[in-house]
Structure formats: structure tokens, C-alpha cells
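Structure first, commentary second.
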Amino acid sequence: MSPHQKLPIAPELQVTQWLNSKEPITLKSLRGKVVVIEAFQMLCPGCVSHGLPQAQKIASLFPPDKVTVMGLHTVFEHHEPMTPVSLKAFIHEYRLKFPIGVDEPGAGGMPNTMAAYQMRGTPSLIMIDQKGFLRVNLIGHVHDILVGAKIATLLAEADSLKLQDKREDNDGGDENGCPVPDNV
């Protein structure tokens with residue numbers, strides 16, 4: 001039984017606009033990478049003091065070919081001041097370099113991606129593994145060590161699966177098809 005059989009596939013992001021990205025981003029296009037999404041609001045103290053700085057650290061510490069960091073501006077309160085123009089200024093002032101999507105407004109004031117992921121507020125931290133499965137969905141302050149450990153675990157899982165797939169493709173042999181002992 002695959003360890004992913006009980007995990008949900010991460011819902012696609014429902015974004016009206018992307019900032020810091022030349023083109024729209026889909027989760028499907030990011031398969032093969034760990035995806036870290038920091039859901040935030042500009043007027044959320046926890047987002048500004050912890051969530052966004054943590055996302056910046058992740059983006060600077062992990063290789064971009066293995067880990068993609070994105071922001072999701074998901075406004076569920078104080079709608080009037082949180083316009084795309086204000087968000088652009090916010091991104092500039094806080095020097096956020098990773099792509100940031102604007103969550104599509106939904107019924108009753110709850111943005112669509114926020115609802116799809118059943119987020120309870122901001123800051124929220126989402127992690128999606130290389131196969132597109134939702135692995136982390138947390139609200140509030142998440143300690144940096146725990147975040148780093150989870151990312152490292154997801155990266156190690158992918159390396160282990162690649163090695164397992166390679167062995168299965170070669171029936172346990174090397175690249176020439178010759179048998180290789182299991183302990184090598």
C-alpha cells in the first residue's frame with residue numbers, strides 16, 4: 001500500500017492575479033517539487049511578524065529546483081483596504097521575492113482557495129509533496145525547526161521513492177542490468 005493512498009490531492013489554487021510571477025502558476029506544473037504556501041493577509045500581525053519572514057527564509061535556504069515557495073493573499077476580513085494596489089506596495093516594502101497569488105473572492109466573504117483548503121485563518125502554512133498530495137495545513141506560528149524538518153522529510157521521501165523506482169525499473173540491477181547486492 002502506498003503511503004499516499006489516504007492523503008488528499010491538494011486542490012488547485014483559485015487565484016485572480018499573480019504578483020512576482022511572469023505567468024500564472026498551477027500546482028500541477030510544480031509536480032516534482034515540494035510546494036510551500038504561506039497564506040496571509042497584509043493586516044495580520046502574525047503574518048507580518050512570523051509567517052512571511054519564515055516564507056522568505058525558506059525561499060532563501062532551500063534550492064528552488066526542489067522547493068517552491070509561494071504566498072497566497074487570502075482576504076477574509078477588512079476587504080476595503082486590501083486591494084491589489086495595496087498588496088503591490090506591501091510586497092515592495094517587505095521585499096517579498098517569491099510569487100504571490102491573490103485568492104479568488106468566494107461566497108460569504110470566504111476566499112475560494114481558503115475554503116478549499118479549509119483554512120481557519122491566517123497565517124496558514126500549507127505544504128504539498130512532490131506528487132501533489134497535501135501534507136501540511138497548519139494555522140498560526142509554526143516553529144522554524146519543525147518547518148525545516150518537515151521540508152527535509154518531504155525531500156528525503158522523494159529521493160527514497162526515486163531510488164525505489166530506479167531499482168524497480170532495473171529489477172535490482174545496475175544501469176547495465178547486472179545484479180547488485182541489496183547492501184550496496
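No value in this document is a laboratory result; all are computed from the given coordinates. Worth saying up front: this structure is predicted, and the values here are computed from it rather than measured. Backbone-built Cβ (ideal geometry, glycine too); neighbour counts: all protein chains shown.
Structural remarks
- Taking the Cα centre of the stretch 15-143 as origin and assigning +1 to Lys and Arg Cβ atoms and -1 to Asp and Glu Cβ atoms, the resulting dipole is close to 520 debye.
- Given charges at beta-carbon only (K, R positive; D, E negative), |dipole| of the stretch 1-63 in Debye: 200
- Only Cα pairs under 8 Å and 6+ residues apart enter the sum, and on that basis the relative contact order of the stretch 1-109 stands at 36 percent.
- For the stretch 51-62, Karplus couplings with θ = phi - 60° (6.51, -1.76, 1.60), whole Hz, Gly/Pro x: x, 5, x, 5, 4, 4, 5, 4, 4, 7, 9, 9
- The ranking of Thr16, Thr74 by Cβ neighbour count inside 10 Å, starting from the fewest, reads Thr16, Thr74.
- J(HN,Hα) series, the stretch 7-16, from Karplus relation 6.51 cos²θ - 1.76 cosθ + 1.60, nearest Hz, glycine and proline x: 8, x, 5, 5, x, 5, 6, 10, 10, 8
- Positive-pole candidate from Val67, Phe90, Leu27, dipole of the stretch 15-143, charges at beta carbon: Val67
- Placed amide H near Gln17: partners under 5 Å, 5+ positions off or other chain: Val102
- The stretch 43-70 residues near the modelled Ala149 label - backbone nitrogen below 18 Å, point 7 Å along Cα→Cβ: 58
- Pairs beyond 23 Å (Cα-Cα), from Lys6/Lys97; Lys66/Lys97; Lys57/Lys97: Lys6/Lys97
- Qualifying trypsin sites (Lys or Arg not before Pro) in the stretch 18-117, where qualification requires a DSSP coil assignment and no more than 16 other C-beta atoms within 10 Å, comprise Lys22, Arg31, Lys66, Arg95, Lys97.
- Neighbour counting of Cβ atoms within 10 Å sorts the residues Ile9, Ile37, Ile145, Ile58, fewest neighbours leading, into Ile145, Ile9, Ile58, Ile37.
- Sparsely packed chymotrypsin sites (Phe, Trp or Tyr not before Pro) within the stretch 42-133, loop by DSSP, other Cβ within 10 Å at most 11: none
- The stretch 15-143: C-alpha gyration tensor shape, a/c 1.5 cut-off, then a/b vs b/c: rounded
- Given in Å, the Rg to one decimal and the Dmax to the nearest whole number for the Cα atoms of the stretch 54-129 are 13.3, 39.
- Label sites at Ala89 and Leu61, each approximated as a point 7 angstrom past Cα along Cα to Cβ, lie 3.3 nm apart.
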